[in-house]
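Here's the structure, in structure tokens; my notes come after.
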Protein chains: 2
Amino acid sequence: MRCWRVVILALALGFPGGGRAALERVDLLVTGGTVVTMDAERRVIENGAVAIRGSDIVAVGPTEELQRRYRARQRLRADGRLILPGLINAHTHAAMALFRGVADDRTLEEWLRNYIFPLEAKHTTAEFVYWGTKLAALEMIRGGITTFADMYYFEEEVARAASEAGIRVVAGETILDFPAPDFRTPAEALRYTQQFIQRWRGHPLVVPAVAPHSVYTCSAETLREAAALARRTGAPLLIHLAESKLEVEGIRKREGRSSVQYADELGLFEARVLAAHCIWVDAADQERLARRGVGCAHNPTSNMKHASGIAPVVALRAAGVAVGLGTDGVAGSNNDLNLFEEMDLAAKLQKVSTGDPRALPAREALALATIEGARALGREQEIGSLEPGKRADLILLRRDAPHAIPFYDVYSQIVYSLKASDVDASLIHGRVVLREGRVLTVDEGEVKRQAARLVAAVKESLAKKP
Amino acid sequence: MRCWRVVILALALGFPGGGRAALERVDLLVTGGTVVTMDAERRVIENGAVAIRGSDIVAVGPTEELQRRYRARQRLRADGRLILPGLINAHTHAAMALFRGVADDRTLEEWLRNYIFPLEAKHTTAEFVYWGTKLAALEMIRGGITTFADMYYFEEEVARAASEAGIRVVAGETILDFPAPDFRTPAEALRYTQQFIQRWRGHPLVVPAVAPHSVYTCSAETLREAAALARRTGAPLLIHLAESKLEVEGIRKREGRSSVQYADELGLFEARVLAAHCIWVDAADQERLARRGVGCAHNPTSNMKHASGIAPVVALRAAGVAVGLGTDGVAGSNNDLNLFEEMDLAAKLQKVSTGDPRALPAREALALATIEGARALGREQEIGSLEPGKRADLILLRRDAPHAIPFYDVYSQIVYSLKASDVDASLIHGRVVLREGRVLTVDEGEVKRQAARLVAAVKESLAKKP
């Protein structure tokens, strides 16, 4: 019956060939959802569909139209769910998931000196990073994240774990001027980064990056070499920038300039830069970031929890800076990898800090976690919205929980009401990685067993603390 | 086998009578969980248990000990879950659940004048309040809330819906000097309140209250009469206080005093008062609130979303004020009734606003939502902690989601990592109201059907807006 109806419709509409043979073949048709495209027109399509071939989106439109145009090998019925672009976590240190909540409610100095640095020196091994990233991938996929930007150590393991889990990653080995868990010098880390870029370049899910830690933990020479490597290879550059007042005051004292100006005049911004935090940036810095095409990753939870300050997101965006949204790591800066909470928080933090309840409305908060995050990463041609030609990274959200009822505005519902737990399906690069709330690409039991083993050793270290 | 072991243990420990007959009978034994008591010593009992008889907690202690002492009609195995006192939502307008997200990202004036006031005038009927409260109860019970303080209209329906849902409520009809959806004058609302108090006094779940809206929407006379009624009946008094700069500046201009001083000198604080918000309170106000035993309900989401300001929670607590935690209503002020998000946010908001990452640590944030909320409501003898003699209001939390793994500190885990969706069982007044994530006391399908019907009418009104 249905086939005949399609044929008749096709004939009636004068499609070339007219019959079933005229239907274009696709691999997957996601139908019957409210499609929130996040395209330039911010189209929302009721009873909409997405057609996917291989890793790519072929078409986005009304279900009826796409059913007329495409014959799909497989069908995923959204049943009234929301269909959204996958969320982009623009800044994290995923493997720190194994240190989740290890030392909360402490000063930054106590946290770093007494906990993070000694624990990382002892426990952060290749295997720790591999399983930590798997645990993080599990949580991120469940919560609708389809891409994350990562800076940590043993980044080879991050790339391996993420690609196995089927999640997209922009991964950069942290380069520091003091000894890190894997390398003792910035030269070693830079050499590793160069090889890392060669190994992973062209991978469908992994984008290798260059990741000098910050302008206060890397010398001018290290920063220059990092920028040169990024320029030479075309790899993006990830860095922490203007996160604390202490940093900015220190750089001003030493260099007579702001952190942003210093970074620029060093030549850092010749690379494609994603700068995390950007809290302590004045109007001149904001204008400079925009002019130099630097993307920012805003991390509201981290900034509040460390009492770092409040990033001027509204002003940055007004200046023309692409601002994405990040969770930061979960060992002190945050305790989850949850962009629903970050969207919600970003909107509210801008409202209370600007004194204007209209600041960063829900639609714009969702943009930070999707298309603007993609822009901040320089990957807006590939991800961040549901449009033909982009990768098929999309998520389905249930709308039947009590907290989702009723709904008057789709963006308000997504940003202010829905939770990570409402995500029940996810596709990355055209592959179904989450279905009915279950991650298909990660062995959850095995991750939990390995995590328990590795965490037992961390707890032993903690028990020995004076 | 087990009986014999109990008998032998009892004999060995010299219990009177020695044998099985010596076991005290209880109705329910919740066993094998990590009990986070929130008692004065903040005891946390690994492999702990709670013994319940009727509506009351009889004992809290190690599972092994309670199994020796009690014979239970029924057993609930916590299987390693957390056992917490039920959460207390110290300020909301529950029935506004049906207006969830109706007019977000707007100025307070536009929100009230163009949306809330006209929509309430048209749609807020007894039946709307009844079903709205049912929907809210569904969400609150699912998310671990066992008590809520409510100010709205048709409060009889709130009491009825809450008591049917088996959730504890402190309910006060909003008294205003301008026409409300149910009463046109404060005199009518006061009369209704008096009858409401008579009808519900002594109910096991419902505590009727007196609820003048605020010092700027009620005349001095209305406020005095409300206070007198509260004093006469012993009912608690709920009010909004020092929420906006506009309010406090207006009162200062008119009365030459702060909102808090004005309220006190009117005699309001002769009653047992729970004041919502308390954002714009200086050191003198804080000291006054403490001295007069006024409790505060802090609503971080609402305060951020309306850009009202940041309540000085750390300072209020240092001054000796009991501060509870509220969601406020979900039509603009918030979009969910979720105390896990409010705890998390309260902690982080104090950190960033005081510049101290140690401010309001996780344990204290949990206290706001439990024992301090009970104190703020003047009900700390009955609820807010797991202690013998208190009502059996408790919740069980799963700890196996990826975002809950690993854990190093129980309070950090609860406040910063766990979600409302991790709550999977709840008892209120000794009755199991939630089990395996399903609310047993509310017909979810029926609530959704009624909500859809009532919301359709609201959407029709909105569609007609110019």
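What fraction of the DSSP beta bridges in the stretch A:86-188 is antiparallel, stated in percent and rounded to the nearest 5? Working shown, then result.
On the way: 0 of 10 bridges.
So the antiparallel bridges in the stretch A:86-188 amount to around 0 percent.
For the cross-link pairs A:351/B:122; A:134/B:351; B:305/B:348; A:305/B:305; A:351/B:459; A:122/A:448, which exceed 23 Å when the distance is taken from alpha carbon to alpha carbon?
Values: A:351/B:122 30 Å; A:134/B:351 31 Å; B:305/B:348 15 Å; A:305/B:305 19 Å; A:351/B:459 27 Å; A:122/A:448 21 Å.
In this structure, A:351/B:122; A:134/B:351; A:351/B:459 lie more than 23 Å apart at Cα.
Based on DSSP, what percent of beta bridges with both residues in the protein assembly as shown are antiparallel, to the nearest 5?
40 percent
Would you mind computing Rg(Cα) / (2.2 N^0.38 Å) for the stretch B:87-376, counting N as its residues?
On the way: Rg = 17.2 Å, N = 290, 2.2 N^0.38 = 19.0 Å.
Here the answer is 0.91, to two decimals.
Where the label is 7 Å out from Cα toward Cβ, how close does residue B:463 come to the same position in every other copy, in nm, shortest first?
Those label-point separations list as 6.5 nm.
Give me the net charge of residue A:97's neighbourhood, meaning all other residues with Cβ under 10 Å from the Cβ of residue A:97; Lys, Arg count +1, Asp, Glu -1.
Values: positive: A:100, A:134; negative: A:139, A:336.
Here the count lands on 0.
Under the Kirkwood approximation for Rh and a Cα-based Rg, what ratio Rg/Rh is obtained for the stretch A:208-285?
Values: Rg = 11.6 Å, Rh = 12.3 Å.
That ratio is 0.95, to two decimals.
What per residue convex hull volume, in Å³, do the alpha-carbon atoms of the stretch A:140-294 yield? Show your work: numbers first, answer last.
Working: hull volume 18.2 nm³, N = 155.
For the stretch A:140-294, the hull spanned by Cα atoms encloses 117 Å³ per residue.
Using the 7 Å Cα-to-Cβ label point, sort the distances from residue A:204 to its equivalents in the other copies shortest first and give them in nm to one decimal.
6.0
In sequence order, what are the phi-derived ³J(HN,Hα) couplings for the stretch B:331-339 according to the Karplus relation 6.51 cos²θ - 1.76 cosθ + 1.60 with θ = phi - 60°, rounded to whole Hz, with x for glycine and proline?
9, x, 6, 7, 9, 8, 10, 10, 6
Roughly how large, in nm² to one decimal, is the mean projection of the convex hull of the alpha-carbon atoms in the protein assembly as shown?
Details: hull surface 167.8 nm².
So the Cα hull casts an average projection of 41.9 nm².
Report, for residue B:44, each distance to the same residue's label point in the other copies, shortest first and in nm; define the point 7 Å along Cα→Cβ.
Counterpart label points of residue B:44 in the remaining copies fall at 4.2 nm.
Arrange the peptides B:73-84, B:236-247, A:447-458 so that the one whose residues have, on average, the most other Cβ atoms within 10 Å appears first.
Working: B:73-84: 18.2, B:236-247: 23.4, A:447-458: 16.6.
Most protected by this proxy first, the peptides run B:236-247, B:73-84, A:447-458.
What does the helix-only formula give at 222 nm for chain B: each DSSP H stretch with n ≥ 4 adding -39500 (n - 2.57), the total divided by the residues, and the result rounded to the nearest 500 deg cm²/dmol? All intermediate terms of the calculation are to be shown ahead of the outcome.
Numbers: 16 runs with 172 residues, N = 466.
After summing the helix terms and dividing by residue count, I get -11000 deg cm²/dmol.
Calculate, for residue B:453 and residue B:117, the FRET efficiency according to 1/(1 + (r/R0)^6) with r their C-beta to C-beta distance and R0 25 Å; round to the nearest 0.05.
Working: r = 23 Å, r/R0 = 0.91.
Calculated value: 0.65.
Sorted by packing (mean other beta-carbon atoms within 10 Å per residue), highest first, where do A:176-184, A:355-363, B:422-430, A:412-420 land?
Numbers: A:176-184: 17.0, A:355-363: 18.9, B:422-430: 23.9, A:412-420: 25.8.
Descending mean neighbour count gives A:412-420, B:422-430, A:355-363, A:176-184.
Considering only DSSP beta bridges whose two residues both sit in chain A, what percent are antiparallel, to the nearest 5? Before the final figure, lay out each step's value.
Details: 27 of 67 bridges.
Within chain A, antiparallel bridges account for around 40 percent of the total.
If one takes the longest principal axis of the Cα atoms in chain B, at what angle in degrees, from 0 to 90 and to the nearest 10, does the Cα axis of helix B:155-165 lie?
Rounded to the nearest ten degrees, it is 20.
Roughly what angle does helix A:126-142 make with the longest principal axis of chain A, taking Cα atoms, 0 to 90 degrees, to the nearest 10?
40 degrees
Would you tally the net charge around residue B:37, using a Cβ to Cβ cut-off of less than 9 Å, leaving residue B:37 out, and scoring K and R as +1, D and E as -1?
Working: positive: B:42, B:43; negative: B:39, B:41, B:387.
Residues near residue B:37 contribute -1 overall.
Relative to the first principal axis of the alpha-carbon coordinates of chain B, what is the inclination of helix B:220-233, with its axis defined by its Cα atoms, in degrees from 0 to 90 and to the nearest 10?
Helix B:220-233 and the main axis of chain B meet at about 30 degrees.
Where Lys and Arg each count +1 and Asp and Glu each count -1, what net charge lies around residue A:186 among other residues with Cβ under 13 Å from its Cβ?
Numbers: positive: A:184, A:191, A:224; negative: A:173, A:177, A:182, A:188, A:221, A:225.
Net charge around residue A:186: -3.
Relative to the compact globular guide of 2.2 N^0.38 Å, what is the alpha carbon radius of gyration of the stretch B:168-247, as a ratio? Write out the running numbers ahead of the final one.
On the way: Rg = 12.4 Å, N = 80, 2.2 N^0.38 = 11.6 Å.
With N residues counted in the stretch B:168-247, Rg over 2.2 N^0.38 Å equals 1.06.
Quick check: residue separation of residue B:463 and residue B:110 times 0.36 nm, minus the Cα distance between them. What number comes out in nm? Don't skip to the end; give the middle numbers.
On the way: separation 353, 0.36 × 353 = 127.08 nm, distance 1.69 nm.
Gain on extension, residue B:463 to residue B:110, equals 125.4 nm.
Could you tell me the distance between the Cα centroids of the stretch A:186-226 and the stretch A:305-352, to the nearest Å?
25 Å
Using the basic label-point model (7 angstrom from Cα toward the beta carbon), what is the residue A:265 to residue B:224 distance in nanometres?
6.9 nm
Per-residue mean of other chain beta-carbon atoms within 10 angstrom of the beta-carbon, peptide A:350-357? Walk me through the numbers before you get to the answer.
Details: counts 2, 7, 12, 5, 1, 4, 3, 13.
Shielding by partners across A:350-357 averages 6.
Averaged over B:94-102, how many beta carbons belonging to a partner chain fall within 10 Å of each residue's beta carbon?
On the way: counts 0, 0, 0, 4, 2, 2, 11, 13, 5.
For peptide B:94-102, the averaged partner shielding equals 4.
Closest approach to the B-A rotation axis by any Cβ of B: residue and distance in angstrom?
Nearest Cβ to the rotation axis, residue and whole-Å distance: B:421, 2.
Quick query: amide H of residue B:71 versus all other amide H atoms, modeled in the peptide plane; which residues come in under 5 Å with a sequence gap of 5 or more or a different chain?
When sequence neighbours closer than 5 places are left aside, the close amide H contacts are B:24, B:25, B:26.
Find how many whole Å separate the alpha carbon centroid of the stretch B:85-116 from the alpha carbon centroid of the stretch A:407-450.
28 Å
For a quick check of your reading of the filter: which GluC sites (Glu not before Pro) in the stretch B:28-66 sit in a DSSP loop and have no more than 10 other Cβ atoms within 10 Å? It would help to have the intermediate numbers written out before the result.
Numbers: sites: B:41, B:46, B:64, B:65; in loops: B:41.
Passing sites in the stretch B:28-66 are B:41.
FYI, it's all coordinate maths here, none of it is from the lab. All values reported here derive from a predicted model rather than from experimental measurement. No Cβ is skipped: glycine too gets one built from the backbone with ideal geometry, and neighbour counts run over all protein chains shown.
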